[in-house]
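A short reminder: the numbers here are calculations on the coordinates, not readings from a lab. This is a predicted model, so every value here is computed, not measured. Heads up, the Cβs are rebuilt from the backbone with ideal geometry, glycines too, and the neighbour counts pull from every protein chain shown.
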Amino acid sequence: MNIQKILIALVAIIVLAALWFFVTKQETLAPATDTSKIATTTSEQPTACFADAKICPDGSAVGRVGPNCEFAACPSVNATSSTVHTTVGQKVTGLGVTITPIEVVEDSRCPANVNCIWAGTVKVRTKITSAMGTSEMVLELGVPTTTEAEIVTLTEVTPQKVPQETIPISSYRFVFTITKK
């Protein structure tokens, strides 16, 4: 008799749990009908894209870029240069060279809407891996760095600095150009 009551209670709990799971899952999958609750972005707000990558035919990887978070174009198979987009800690590969920004060493850029006598610069400690091996270098914005077989240049850093604000490390986005010698 006790076993029957326990089994009935157990079956009832399982049925209620399954019903609860089904109802909450349906609410999660239901399309939004109130458009005021849908998040939108403006051109002035930075867009955060997923950090996934697409493997290109040449073996390089490209990440998502731009306001629509679309994958960057793959380099052509015979390319002599490649542009890659990345963030701190994210590996990207172009022309057989893997770049991983480790940390922002310096960001002395002139903030937006401020008149400066010097534009400033950004320096990023970066791990570079190629067929020749792995090295760690500090790359400076706009300054080409020559390795054994390629030239790596940090060509762009976003977001733009704003007066009296510190940029969180997770918000930095880097664009590197890799050129074969």
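Maximal additional length on extending the Val15-Ser170 stretch stands at 51.4 nm, based on 0.36 nm per residue less the C-alpha distance.
For the stretch 63-113, just say rounded, prolate or oblate: build the C-alpha gyration tensor, square-root its eigenvalues into a ≥ b ≥ c, call rounded for a/c under 1.5, and beyond that prolate if a/b exceeds b/c, oblate if not.
Details: a/c = 2.09, a/b = 1.56, b/c = 1.34.
Prolate is the answer for the stretch 63-113, as a/c is 1.5 or above and a/b outweighs b/c.
Across the stretch 170-179, computed HN-Hα scalar couplings (Karplus, 6.51 cos²θ - 1.76 cosθ + 1.60, θ = phi - 60°) run 6, 8, 5, 10, 10, 10, 10, 10, 10, 10 Hz from first to last residue, x flagging Gly and Pro.
Taking the alpha carbon gyration tensor of the stretch 53-180, multiplying each eigenvalue by 5 and rooting it gives semi-axes of 26, 17, 12 Å, largest first. For the stretch 147-154, putting each phi into the Karplus relation 6.51 cos²θ - 1.76 cosθ + 1.60 with θ = phi - 60° gives couplings of 10, 4, 10, 8, 10, 10, 10, 7 Hz, in residue order, rounded to whole numbers and with x for Gly and Pro. Scalar couplings 3J(HN,Hα) for the stretch 84-101, obtained by applying the Karplus form with A = 6.51, B = -1.76, C = 1.60 to θ = phi - 60°, are 10, 10, 7, 10, 4, x, 9, 7, 9, 10, x, 6, x, 10, 9, 10, 10, x Hz; x denotes Gly and Pro. Once both labels are positioned 7 Å from their Cα atoms along Cα-to-Cβ, the gap between Val143 and Ser108 label points is 1.0 nm. Taking label points 7 Å from Cα along the Cα-to-Cβ direction, Ala73 and Lys181 give a separation of 2.8 nm.
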